[in-house]
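The values are calculated or read from the model by the stated rules, or taken from the named source; none is laboratory data. These numbers come from a predicted model, not from an experiment. Methodologically, a virtual Cβ is constructed for each residue, glycine included, from the backbone with ideal geometry; neighbour enumeration extends over all protein chains shown.
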Amino acid sequence: MTEIIKSFQEKSDLLSGKGVSEELIENAENILGLKFADEYKEYLLHFGVVAFDGHELTGISSIDRLDVIKVTLNELQKNAMVPTKMYVIEVANIDGIIIWQSSEGDIYETIMDTKPIKICDSISEYINL
């Protein structure tokens with residue numbers, strides 16, 4: 001079991017989807033014009049989308065507020081300081097905080113229309129803060 005899957009499965013209140021196909025992941029990457037980090041791809045393949053302990057992470061979902069494509073495109077329009085090779089993993093719904101991941105896997109935070117600041121090396125690290 002990989003670190004990202006184990007990190008999520010250790011959450012006692014985890015709610016998750018059923019995972020998505022590689023084809024859906026590639027389609028999302030093509031629409032966004034980027035590559036997801038390997039751990040995000042694993043997460044999508046295994047869960048599709050998750051919620052736990054007040055967090056709702058984006059994924060590939062029919063729910064607009066959780067769909068990585070719709071959320072990322074929307075947030076990129078709001079903040080020109082974010083590189084287009086980053087995608088949203090969580091909208092905190094607190095003080096305009098958005099959590100992003102780069103294709104390399106690093107996790108960043110923006111507040112309103114600020115420049116991204118690195119906060120973690122991976123989703124696994126982020127969800128265990």
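Take the conditions (1) out of contact with any Asp or Glu (no Cβ under 8 Å at 6 or more places or on another chain); (2) within 16 Å of Y87 (Cα to Cα); (3) at pLDDT below 95; R65 misses just one of them, which is (1).
Residue check: S102 meets all listed conditions (1) touching a residue at least 40 places away in the same chain (Cβ under 8 Å); (2) closer than 19 Å to E23 by Cβ; (3) out of contact with any Asp or Glu (no Cβ under 7 Å at 6 or more places or on another chain) but one, namely (2).
Candidates are the residues of segment 3-43 that are polar (S, T, N, Q) and buried (at least 18 other Cβ atoms within 10 Å of the Cβ); the one that is farthest from I60 (Cα to Cα) is S7. Take the conditions modelled with pLDDT of 95 or more and of a type outside the set (S, T, N, Q) and apply them to D95. Does it pass? Criteria not met by D95. Inside segment 71-106, residues that are at positive phi and crowded, with 17+ Cβ neighbours inside 10 Å make up a count of 1. Of the helices (runs of 4 or more DSSP H) lying entirely inside segment 1-95, the ones with 1 or more residues being closer than 16 Å to Y126 by Cβ are found at 3-9, 38-46, 68-78. The set of residues in segment 107-129 that are buried (at least 18 other Cβ atoms within 10 Å of the Cβ) and either closer than 17 Å to T84 by Cβ or under 12 Å from the mean Cα position of the chain (by Cα) (or both) comprises I107, Y108, T110, P116, S122, I123, S124, Y126, I127. Scan segment 79-92 for residues that are closer than 13 Å to L57 by Cβ and at pLDDT below 95 and the total you get is 1.
As a summary of the residue check, G48 satisfies the conditions (1) on the phi > 0 side of the Ramachandran plot; (2) at pLDDT 95 or above except for the one numbered (2).
If the condition is being touching a strand residue (DSSP E or B) at 6+ places or on another chain (Cβ under 7 Å) and without any contact (Cβ under 8 Å) to a residue 60 or more places away in the chain, then segment 1-45 contributes D13, L14, L15, S16, G17, L32, L44.
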